[in-house]
1. Looking at L125, L96, which one is farther than 30 Å from E273 by Cβ and aliphatic (A, V, I, L, M)?
2. Restricting to the range 154-196, give me the number of residues that are modelled with pLDDT under 55 and in contact with a Ser or Thr (Cβ under 6 Å, 6 or more places away or on another chain).
3. Could you list, ordered by first residue, the pairs with Cβ atoms under 7 Å in which the first is in the range 188-206 and within 16 Å of L96 (Cα to Cα) and the second is hydroxyl-bearing (S, T, Y) and in a helix (DSSP H, G or I), at least 6 apart or interchain?
4. Those residues that are surrounded by 19 or more Cβ atoms within 10 Å (Cβ to Cβ) and outside any helix (DSSP H, G or I), I need them from the range 105-151; list them, please.
5. Among the basic types (K, R), under 23 Å from the mean Cα position of the chain (by Cα) and modelled with pLDDT of 85 or more - does that describe any residue in the range 126-145?
6. Looking at L102, L87, which one is part of a helix (DSSP H, G or I) and modelled with pLDDT of 90 or more?
7. Take K234 and decide whether it is at pLDDT below 65, touching a helix residue (DSSP H, G or I) at 6+ places or on another chain (Cβ under 6 Å) and not in a helix (DSSP H, G or I).
Amino acid sequence: MTPKMVAGFRRSLSFPNHPNSSSSSKPKKTFHVRSTSLPCRSHPLISQLRDDLNALMAALSQTRTSAWLCDALARLKTIHESLDDLLQLPQTRESLHAHAGLVENLLEDFLRFVDVYGIFQTMILRVKEEHQAAHVAVRRKDAAKLASFSKSIKNLGKEMEKLIPNLQSTATDKYLVLPKQVVAVPDGDAEVVGVMKDAVKVTVMVSTALFNGLSVSFTLPKSSSRRWIVGAKKVNVEEGIEEFKEMAALWGLRRKGEEEDAKMVAKRMHEMEDCIGGIESGGEKVFRSLINARVSLLNVFTQ
């Protein structure tokens, strides 16, 4: 949709009831024709992005369940879709042209995000396949296959943990110094730079919660205290995802061979399959939104 054009738009306008200045004798304060899509502080797209970012950061302190995780992924997807919309605006691209170094860093980081989520999609598909195989083994009371499933899931958990260092490398001082660099630039430019920085930050936070939560849950011992040591790392059970933290105990119930236990395990496995499917879908949507946002960032250089 082509933005509506208005004449005499004042970038410094800060009060909605400011007296009409159309008769002002100071033309130097009046800009040329500007789009109403100008990314200044009052622009609704940036305001909405800021609200979404703050809401998602606040939600990260909640108890980690699969529903919470799916909601966080959905919110993250929305943020990157809004970011993509912001990057489509010509004035946003004009603002970012003044920060070529920032754009290069963002392109590098978004490429890293895309790569990590691509790997994660392969892993979560393997989790889904292993879970389906385990479901068949539960019905057949095949202890050997269930033991194999447990080992495979723990290995996948360890692989997911390895994704986290790739994310942490994006949260470096190259973003922390930005506020000092943008003091002298117009408010609109500073707002664009700030929202891009925070989008990277919240992506790291949500993705770390995702990968670490599943890793902790999949490698959780059958009987563990609140914390336990894995190698040189202290692991907190609370960082796991509630539905998946009980996996080890769930497989132990099938050894009893009682009909009621078998039905309960089957029901829980159906529920867990839905949880895995929700996370898979949420991760895929974030993956696609990251690709689109990076393409729009790339266009800042080429258009």
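The values are calculated or read from the model by the stated rules, or taken from the named source; none is laboratory data. Just so we're clear, the structure is a prediction, and the values are computed from it rather than from any experiment. Every residue, glycine as well, gets a Cβ built from its backbone with ideal geometry; the counts of neighbours run over all protein chains shown.
1. From the options L125, L96, the qualifying one is L96.
2. 0
3. G188/S95; D189/S95; V192/T92; V192/S95; K197/Y175; V200/Y175
4. none
5. Within the range 126-145 (the criterion being among the basic types (K, R), under 23 Å from the mean Cα position of the chain (by Cα) and modelled with pLDDT of 85 or more), the answer is yes, since at least one residue qualifies.
6. Only one candidate qualifies: L87.
7. Working: at pLDDT below 65: yes; touching a helix residue (DSSP H, G or I) at 6+ places or on another chain (Cβ under 6 Å): no; not in a helix (DSSP H, G or I): yes.
So K234 fails the test.
Condition check ((1) in a helix (DSSP H, G or I); (2) modelled with pLDDT under 95; (3) more than 19 Å from F113 (Cβ to Cβ); (4) aromatic (F, W, Y)) across all residues:
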residue: S37; (1), (2), (3), (4): no, yes, yes, no
residue: C40; (1), (2), (3), (4): no, yes, yes, no
residue: I46; (1), (2), (3), (4): yes, yes, yes, no
residue: T63; (1), (2), (3), (4): no, yes, yes, no
residue: D71; (1), (2), (3), (4): yes, no, yes, no
residue: K77; (1), (2), (3), (4): yes, no, no, no
residue: H80; (1), (2), (3), (4): yes, no, no, no
